[in-house]
Number of protein chains: 2
Amino acid sequence: MATDQAPRKDSSGSKQHHRLDAVPSPAVRRLSLYLRELEGFLKQNRQTTSSKELGEALGYTDSQVRKDLAYFGQFGQPGIGYRVAELVARIRGVIGTDRSWNTIVVGVGNLGQALLTYRGFAKKGFRVVAVFDNDPAKIGQPIGAMPGMEILPVDRLAEMVAEQNVRIGVITVPAEAAQPVADALVAAGIKGILNFAPAALTVPEGVSLASVELSGYLEQLAFYIHARQLADDPQ
Amino acid sequence: MATDQAPRKDSSGSKQHHRLDAVPSPAVRRLSLYLRELEGFLKQNRQTTSSKELGEALGYTDSQVRKDLAYFGQFGQPGIGYRVAELVARIRGVIGTDRSWNTIVVGVGNLGQALLTYRGFAKKGFRVVAVFDNDPAKIGQPIGAMPGMEILPVDRLAEMVAEQNVRIGVITVPAEAAQPVADALVAAGIKGILNFAPAALTVPEGVSLASVELSGYLEQLAFYIHARQLADDPQ
DNA sequence: GCTTGTGAAACGTTTCACAGCA
DNA sequence: TGCTGTGAAACGTTTCACAAGC
């Protein structure tokens, strides 16, 4: 629910017309939504789309869409719109998912197991190459749906990260274990952490962190429902 | 990843000192983080805390914390801080989780099953009272860890929502099925939807929607890692 | 005609700074 | 003294409006 980005001055005269470190984080969040919608358009064999059409599909204004895309480059043609296939390729290039990303998962509870069998990650270019737990009963067990892989002890984390060039780690351990695991991931050289444990983690500069607050989402819904109810029939 | 709130004019002269419909949504998001942290303080038997302490635990400034809490009421005492137990109770009252909330889950795939066994929801006051799927092979099957419950066909949704006074529905079906399920939930009288399907949903005014973009989180991490790498060694 | 890309204006959120109170 | 609650300033994001191009 929170994403940290290491602050970065432009420094070099790198030929990035649009400085990626100057992009507002809401625009980064929306970028994957644009990509998903465009991938849908691609499946329907649509050749071009417009900021208006793309925005309507997602509930944003057309100017929001144009401004967002313009942070990353000039992708459209005045009078025509955006060529869907090209825009998909360009956005993947910006995100980096035109290449595949090796990831690891730490914690094989219910949620960890569900993520391992979730096909959505693979479709987007993320491959789980190793799975860890520190429960002796789990270590060595084969992983359903991942032939040839078994659950590894957490102390083999650094080794696997180096061997497989892993840059992203997913934490699905209980809250108490989350910070130590995050520290181990950072020590192993991981550059980004996706945390599902209900705990506030700290990571050093240069490491990105995203936390998924499952209960937080329900509480937000409860708040808005509750607030509407109070407004509708005040007591 | 996106939360809609029905816009609400103040209308009535309801005695809400702090209009809940005027609270910025970032503040609502942070409210559950404050609550979680405070619940932790409570377990450690801390009597009072301060905006500075609470903020540091979560990576926010002290003024951010004070401003956020002040949207919901006057909870602190100058010179002293906030009494932890009282603040926990007041925040739960604001969110509405001082009462238990009945919820239903539609879609018993990997993710749906993982959520059913996830203990975090129950701890926060959310109870899953029914589970639905439209796969004939699944209908009627018992639900592990939920004695006496079985998977119901989707056409019994409205019935259960009414019987059990369910206000929140969780969608864990494949993307193609998500919008029809959302429509069915809305028709059944659901007031809030938590969507895990990778699809942009539309719901009418008066219904809240939160979408959890699992792949989106990974893509955000990839983007920031990728951007840092480009900045560090430009080519 | 239609649609992009983009400065400028409008709007929203966070931080500052301090009066007031324990 | 220490800390909250809150206007005002600073900052960030979205929307507007239009020049330029197909």
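Summary table
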| item | result |
| --- | --- |
| Qualifying residue in segment B:40-53 (condition: surrounded by fewer than 16 Cβ atoms within 10 Å (Cβ to Cβ), within 12 Å of another protein chain (Cβ to nearest Cβ), within 18 Å of the chain's Cα centre (by Cα) and not aromatic (F, W, Y)) | no |
| Number of positions in segment B:68-85 that are more than 7 Å from DNA strand D (Cβ to nearest atom) and more than 18 Å from B:P24 (Cα to Cα) | 3 |
| Subset of segment B:199-216 [out of contact with any Ser or Thr (no Cβ under 7 Å at 6 or more places or on another chain), closer than 27 Å to A:G169 by Cα, in contact (Cβ under 8 Å) with a residue 24 or more places away in the chain and not in a strand (DSSP E or B)] | B:A199, B:V212 |
| Members of segment A:79-89 found to be within 13 Å of DNA strand C (Cβ to nearest atom) and surrounded by fewer than 19 Cβ atoms within 10 Å (Cβ to Cβ), listed by number | A:G79, A:I80, A:G81, A:R83, A:E86 |
| Pick from segment A:90-121, criterion in a helix (DSSP H, G or I) and not hydrophobic (A, V, I, L, M, F, W, C), ranking: nearest to DNA strand C (Cβ to nearest atom) | A:R90 |
| Qualifying residues in segment B:11-36 (those that are within 9 Å of B:Y71 (Cα to Cα) and away from DNA strand C (no atom under 11 Å from the Cβ)) - the one modelled with the lowest pLDDT | B:H18 |
| Every residue from segment A:49-60 that is in contact with a helix residue (DSSP H, G or I) (Cβ under 6 Å, 6 or more places away or on another chain), of a type outside the set (K, R) and within 12 Å of DNA strand C (Cβ to nearest atom) | A:T49, A:S51, A:L54, A:G55 |
| Hey, A:V161 assigned to a helix (DSSP H, G or I), touching a Gly at 6+ places or on another chain (Cβ under 8 Å) and buried (at least 19 other Cβ atoms within 10 Å of the Cβ) or not | yes |
| Residue count for segment B:62-78, restricted to those that are in a loop (DSSP other than H, G, I, E, B) and either within 14 Å of chain A (Cβ to nearest Cβ) or within 8 Å of DNA strand C (Cβ to nearest atom) (or both) | 4 |
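The values are calculated or read from the model by the stated rules, or taken from the named source; none is laboratory data. Note that the coordinates shown come from a computational prediction; the quantities given were computed from them, not determined experimentally. For neighbour counting, all protein chains shown are included, and Cβ atoms are generated from backbone atoms with ideal geometry for every residue, glycine included.
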